[in-house]
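Step one of this worksheet: look at the structure below.
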Amino acid sequence: MLEVKNARMLYGDLVAVDSLSFTIKPGDIFGLLGTNGAGKTTTFRMIMGLLEPTEGEILYNGGKVGYHNVNEIGYMIEERSLLTKITVKELMLYFGQLKDMETKDILERLDYWLERFDIVDYKNKKIKELSKGNQQKIQFISAIINNPKLLVLDEPFSGLDPINTELFVEVIRDFQKNGSMVVFSSHQLDHVESFCEELIVLEKGKAIIEGRIDQVKKDFKKQNIKIIGDVDIETLKAISGVYQVIENSNEIIVKIENEDVATKVFDYIKTCQHIMKYDVEQASLSEIFIAKVGGLKNEKV
Ligand code: ATP
């Protein structure tokens, strides 16, 4: 179990992380989300024991993380800094040996992962000869080569195309199935909605959204109604509880304060002649984030 308890990190006067608490259990995939500079990397550095929290503590299976845990942890850092002049095989031997692995095991696992990531031909190529996406795969493999029980991934998906993103997701899900704890960061809020069950969204070091993603969405009362068909925008805007109507090229999105307003919108839609489809959707994480950040700013005024 990983327990972050009231962690606070100051860089001089700057509060990079403030009163942050969360727990990750075996088999959890936990998302640490937030915009640039929100405090995600700082949190990871504290988890890895690379930074000592100014206040609070971080416990891995009840104790402080240290060199004694290195064999059971995998860390993919945000900076894509691999040793570029050596080959993929040499790099993996280096990382594996740092984690006390036998050469035979490192090479066996490397072959497995190269096959799975469809980059077998690169085994004896120098890192600098690989494309950015393939270097990212190698960096990911270097984090998982030791079958970690705690996998810490800083922005693992940034810059990946949809096919490779799916590939990474599948592998991370396999670690989840095998009981590993996974914590990853991302600044693409909506992108990870279907991926993690539990999350924290940081803004200026503070958790502004936290909990199970389904509950977060349920607690946020506002919803969206998507309509494909001919409707009168002004009539929709005039319905009480409708706070915004967006006209996209192929659909109309009606933003409503709560689910009770949906009935009123539906009553109007039923009077329209050419309606192909309409549906209620929960707000996206980005919408919830924007509403919370807006709310915080208003509170300060
Ligand atoms: P990004 O998504 O851009 O990587 P992040 O969420 O990972 O951002 P951090 O790198 O943790 O954010 O930074 C949090 C805050 O702490 C930022 O304001 C950053 O400028 C500051 N910061 C980070 N590292 C240091 C440091 N070594 N010294 C001083 N300030 C720092």
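At-a-glance table
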quantity: Qualifying residue in region 91-103 (condition: in contact with a Pro (Cβ under 9 Å, 6 or more places away or on another chain), open to solvent by 60 Å² or more (accessible area, probe 1.4 Å) and at pLDDT 90 or above); calculated: no
quantity: Residue list for region 60-72, filter: closer than 21 Å to GLU198 by Cα and either surrounded by 15 or more Cβ atoms within 10 Å (Cβ to Cβ) or within 9 Å of the ligand (Cβ to nearest atom) (or both); calculated: TYR60
quantity: Failed condition for GLU57, given (1) open to solvent by 20 Å² or more (accessible area, probe 1.4 Å); (2) of a type outside the set (Gly, Ala, Ser); (3) within 16 Å of the ligand (Cβ to nearest atom); (4) assigned to a strand (DSSP E or B); calculated: (3)
quantity: Inter-residue pairs, beta-carbon under 6 Å, first more than 20 Å from HIS191 (Cα to Cα) and in region 28-53, second aromatic (Phe, Trp, Tyr) and open to solvent by 10 Å² or more (accessible area, probe 1.4 Å), 6+ apart; calculated: MET48/TYR75
quantity: Long-range neighbours under 8 Å by Cβ, at least six apart or interchain, first residue modelled with pLDDT under 80 within region 67-82, second surrounded by fewer than 17 Cβ atoms within 10 Å (Cβ to Cβ) and of a type in the set (D, E, K, R); calculated: ARG80/LYS132
quantity: Matching option when the condition is more than 22 Å from ASP154 (Cβ to Cβ) and assigned to a loop (DSSP other than H, G, I, E, B), among LYS104, LYS85; calculated: LYS85
quantity: Residues (touching a residue at least 40 places away in the same chain (Cβ under 8 Å) and more than 16 Å from the ligand (Cβ to nearest atom)) located in region 191-223; calculated: GLU193, PHE195, CYS196, GLU197, GLU198, ILE213, VAL216, LYS217, LYS218, PHE220, LYS222, GLN223
quantity: Every residue from region 122-138 that is open to solvent by less than 10 Å² (accessible area, probe 1.4 Å) and more than 22 Å from SER158 (Cα to Cα); calculated: none
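The values are calculated or read from the model by the stated rules, or taken from the named source; none is laboratory data. Only a predicted model underlies this, so the values are computations on that prediction, with no experimental measurement involved. All Cβ positions, even for glycine, are placed from backbone atoms using ideal geometry, and neighbour counts span all protein chains on display. To get the accessible areas, we keep the full protein, side chains included, count just its heavy atoms, and leave off ligands, DNA and RNA. Shrake-Rupley method; radii C 1.70, N 1.55, O 1.52, S 1.80 Å.
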